[in-house]
Amino acid sequence: MICLTLTEKSIENNLLQYQKYNDLIDMVELRVDMLEGIVPVDSIIRFPDLCNKPVILTCRKVKDGGKYNLGERSRYNLLRKLIKGKFSYIDLEEEMGRNELEISVKQKGIEIIRSFHDFNGVPGDLFKRMHKISQQGEIPKAAVTPNSFADVARIFEGEQELKDIDKKILLGMGDYGVPTRILYKLTGSLLSFCSAPGTSQGASGHLTPELMKNLYKTDQISHETAIYGIIGNPVMHTASPAIHNPGFHKLGINAVYVPFLVDSVRSFFSFTEKIGIKGFSVTVPHKQNVLPYLGVISNEVKQIGSCNTVVQTRNLWKGINTDYYGFLYPIQEDLETGNIKRALVIGAGGAARSVVWALRNYGCSVTIVNRTYESALKLASKTGSTAIKIPELSVLSMEDSQNKPDLVVQTTTVGMDPNAGNDPAEEYIFSGDEIVYDLVYKPRMTRLINRASQAGCRIVYGYEMLYAQGLLQFKTFTGKDYPQS
Ligand code: ATR
């Protein structure tokens, strides 16, 4: 079940939130501690009557991440009054101690969710504590904070470790915890919480109802669902889930694509076996880290030494590099027809390596310029290219320069949000004859692209490569072409 946590300051606004997301959710959690001002108790008691979905009653104190600060006695008295309402569940903390409140709650047919929170880590006795709660006939709920991918893998062990507990809630907070929220059914959780966009109060790592229901279709995930994803650090900014998930849906493929924040590639690979991941994209800083785990690598991965797509083939992990082909896609015809013979590549990092090899493999002569000249020199000597220093750019751009490029490729992070407005090659003056290709896709118009476009150059945008490489990944994962519109 997808549960919307309601954290508005008034009952009226909570009702509006509920109505807005009603179609996307299965139940709601009313966070009474978030209400402000004088709220008539009766309006809270009536709240479940106004929803046609189950409601969890929660009044969280500050220590557990909530806002209730009037003391335990007062909280207890408030809850005693509120259980007159037709709530389906009440969330009570593990340390609250059992007393008449529980007796009244049970008499009213309200189920108790007995919760504990750990904002620092994943406690060693996590499963033991959950077992103990369940033995009291209550639903154990643990919200814990994974600090590494190994911690995330431990949360997923909950399904096996707690398999005899019918109803339980086990979720990881923060960015590491996001897969536990999307794949909640695979941790054995009864439900996963989400929050309306812009409400950070719910809990760290909550996704929005739209993402939970429409993008990830979290409530339809089962052991039959093929799991794909992207590993990186950081990774939550990635646009890839918004490419792959709609592709699966349009083709009716039972699959989900999840962002995994990964600190250790080794723990991720051992996790793939446990949960049955079929393939994944790889982003910074793991494009080289994955290489020792691959059984088969394609030629371009061998050449570039970097892999952005890993897929399972006959019990082996195969690595390919769709950045390489994605980069080539928008300019392939120009390379094949000889329209591009000379190229200038700005940057000498991982992205530049794919670009330079792709161009060299088409027989293009390449000049590399980089902030750190030594890196340019190193890449140039490996790829049979030429390295120049930044001040030499103005000479290179002159009309009579022998090496004047037909193509300029910008591969650095300069000009990317949040540093938009910077230009890594100001010394280069565009004549208007060059094709200019900036790998940065956010923003679409970088400063360099603006300059080139004003000079009349043909532009290739970073998003063109992003989409081309994404579509190739989709085909690698599913064996099917990405659906048109
Ligand atoms: P990627 O895999 O995205 O290419 P990378 O391997 O870290 O990332 O490479 C980053 C590239 O951007 C390098 O060419 C880097 O130049 P240095 O070799 O001098 O580090 C370049 N770069 C990053 N920040 C830069 C800046 N502020 N000015 C100029 N170049 C920069």
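Tabulated results
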read-out: Inter-site label distance for Asp23 and His131 at 7 Å from Cα along Cβ, in nm; value: 4.6 nm
read-out: The stretch 261-332 and the stretch 156-206: distance between their alpha carbon centers, rounded to Å; value: 27 Å
read-out: Theoretical ellipticity at 222 nm over the chain - DSSP helices of four or more residues, -39500 (n - 2.57) apiece, nearest 500; value: -9500 deg cm²/dmol
read-out: Anisotropy class of the stretch 148-277 from Cα gyration tensor, a/c 1.5 cut; value: rounded
read-out: Projected label distance in nm at Arg46 and Lys81, using a 7 Å step from Cα toward the beta-carbon; value: 1.5 nm
read-out: Cα long-axis angle, helix 373-383 against the chain (0 to 90 degrees, to the nearest 10); value: 70 degrees
read-out: Protection proxy ranking of 386-399, 313-326, 141-154, 447-460 - average other beta-carbon atoms within 10 Å, highest first; value: 141-154, 313-326, 447-460, 386-399
read-out: Inter-part distance where the stretch 441-485 and the stretch 64-87 are each reduced to a Cα centre, Å; value: 53 Å
read-out: Per-residue ³J(HN,Hα) for the stretch 153-161, Karplus 6.51 cos²θ - 1.76 cosθ + 1.60, θ = phi - 60°, Hz, x for Gly and Pro; value: 4, 5, 4, 5, 5, x, 4, 6, 4
read-out: FRET efficiency, Asn13 to Thr238 (Cβ-Cβ, R0 35 Å, nearest 0.05); value: 0.65
read-out: Rounded tilt (10° steps) of 265-275 against the dominant C-alpha axis of the chain; value: 50 degrees
read-out: Sorted peptide list for 171-182, 361-372, criterion being average Cβ within 10 angstrom, highest first; value: 171-182, 361-372
read-out: Label point distance in nm, Ala420-Thr372, each placed 7 Å from Cα along Cα→Cβ; value: 2.8 nm
read-out: Cβ crowding within 10 Å averaged over residues, with 5-13, 95-103, 281-289 ranked highest first; value: 281-289, 5-13, 95-103
read-out: Percent RCO, i.e. relative contact order, over the stretch 132-266, from Cα pairs under 8 Å lying at least 6 residues apart; value: 22 percent
read-out: 28 Å Cα-Cα threshold exceeded, pairs from Lys341/Lys378; Lys84/Lys217; Lys287/Lys404; Lys168/Lys318; value: Lys84/Lys217; Lys287/Lys404; Lys168/Lys318
read-out: Estimated FRET transfer efficiency when R0 is 60 angstrom, pair Asp118-Asp400 (beta carbons, to 0.05); value: 0.30
read-out: Principal axis dimensions, largest first and in whole angstrom, of the chain by Cα; value: 90, 49, 40
read-out: Considering only the chain, percent of DSSP beta bridges that pair antiparallel, nearest 5; value: 10 percent
read-out: Karplus (6.51, -1.76, 1.60) ³J(HN,Hα), θ = phi - 60°, over the stretch 29-37, in Hz, Gly and Pro reported as x; value: 10, 8, 8, 4, 5, 8, 5, 10, x
read-out: Relative contact order of the chain, defined on C-alpha pairs under 8 angstrom at six or more residues apart (%); value: 9 percent
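Values in this text are rule-based calculations from the coordinates and carry no lab data. Not measured: the values here are computed from a predicted model. Please note: Cβ atoms are built from the backbone with ideal geometry, for glycine as well, and neighbour counts cover all protein chains shown.
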